[in-house]
1. I'm checking a number: the convex hull volume of the Cα atoms of the range 209-254, normalised per residue, in Å³. What is it?
2. Taking the range 169-218 as the region of interest, what is the percent of Cα-Cα pairs per 10 angstrom bin, listed from the shortest bin to the one with the maximum distance?
3. Given an 8 Å cut-off on Cα distances and at least 6 residues of separation, report the relative contact order of the chain as a percent.
4. Please list W216, W139 in order of solvent-accessible area, largest first, computed with a 1.4 Å probe with all protein chains present.
5. What does DSSP give for the chain in terms of the percent of beta bridges that are antiparallel, rounded to the nearest 5?
6. Just to compare against my own numbers: the Cα pair-distance distribution for the range 65-118, 5 Å bins, whole % per bin, please.
7. Taking every pair of distinct Cα atoms and averaging 1/r, then inverting, what Kirkwood hydrodynamic radius in Å comes out for the range 140-259?
8. Taking θ = phi - 60°, what integer Hz values does the Karplus form 6.51 cos²θ - 1.76 cosθ + 1.60 yield along the range 47-57, in sequence order, with x for Gly and Pro?
Amino acid sequence: MHTVISRASTAPAPPDDYTVSAEFYDVLQAQQDALRVHRLYGADVRRARTGVLDVGAGTGRVTLMSLRESAVGVHAVEPARAMRTSLMTRLASLPAESRARVTVHPHPLDQADLYRVADVAVCHNTVACLPPAVRRTLWPAIARALVPGGSLHLQLPPDRLPDAPVVRLFPGQRVGGHEYGGRMVMSAEGPRIRTRFDYWVCAGSRVLREHTETFWMWPASRGALLGELRPHGFVPLPDRADTSVLALALGRSGPNRPG
């Protein structure tokens, strides 16, 4: 037996969002999202020769797909503790040789000090959730993390506010004697989109638990994002069949290492 003395970290406390959604995401959405990320980014990840950068890794759908589809190292950036906990649990179940290829960064990318670690970067289901000022700090951090000539693939945010509330119902999923369900409601509020997730757990006709969690999204057009990215050396690649993803390449010079 050894006594372990723990000291408080001097690092800034990470955001603790998603404490509700982390429990329900894998049950209600992750299987469909896993298929989607493979379709959207699988071919690009297979071409990676330096590394893959997963910005906003969440519970790990892009990270796990990258481990399967490539032989390079993966950098998973996830500041939210609740989502990162699910990610770490999932990584812990992998073979040791797969775990050895993943580095999980618990801070926003601009604080992770990554320089030329990847030739493919993916931002899935991330950019819409960043306020414009925060979003603009992301682009130079990605440029530093990519090698010159590397590619960035980002899922576009909504390009406008919804005219009326948009409701998406998640199909119910049974876990033992309980059924998990949920819905997402998106509505305009000022310049932002209020995104409310309602979750419930039922046993037959009886509701055992109900939870609600609200997030904000900021719409931005493809043209506006290109205008933010170009000063950092990014140029658009030819449009894909799926227009929900914007693909860009970093110029051959790339940014210098800061400091």
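1. Taking only Cα atoms, the range 209-254 has a hull volume of 136 Å³ per residue.
2. 26, 42, 22, 10, 0
3. Relative contact order for the chain comes out at 17 percent.
4. W216, W139
5. So the antiparallel bridges amount to about 70 percent of the total.
6. Pairs per bin, as whole percents: 4, 18, 29, 24, 19, 6, 0.
7. When all Cα pairs of the range 140-259 are included, the Kirkwood radius is 17.6 Å.
8. With the stated coefficients, the range 47-57 comes to 8, 5, 10, 9, x, 10, 10, 9, 8, x, 5 Hz.
The values are calculated or read from the model by the stated rules, or taken from the named source; none is laboratory data. Being a predicted model, the structure only gives us computed values, none of them experimental. In case anyone asks, the SASA skips ligands and DNA or RNA and just uses the protein heavy atoms, side chains included. Shrake-Rupley method; radii C 1.70, N 1.55, O 1.52, S 1.80 Å.
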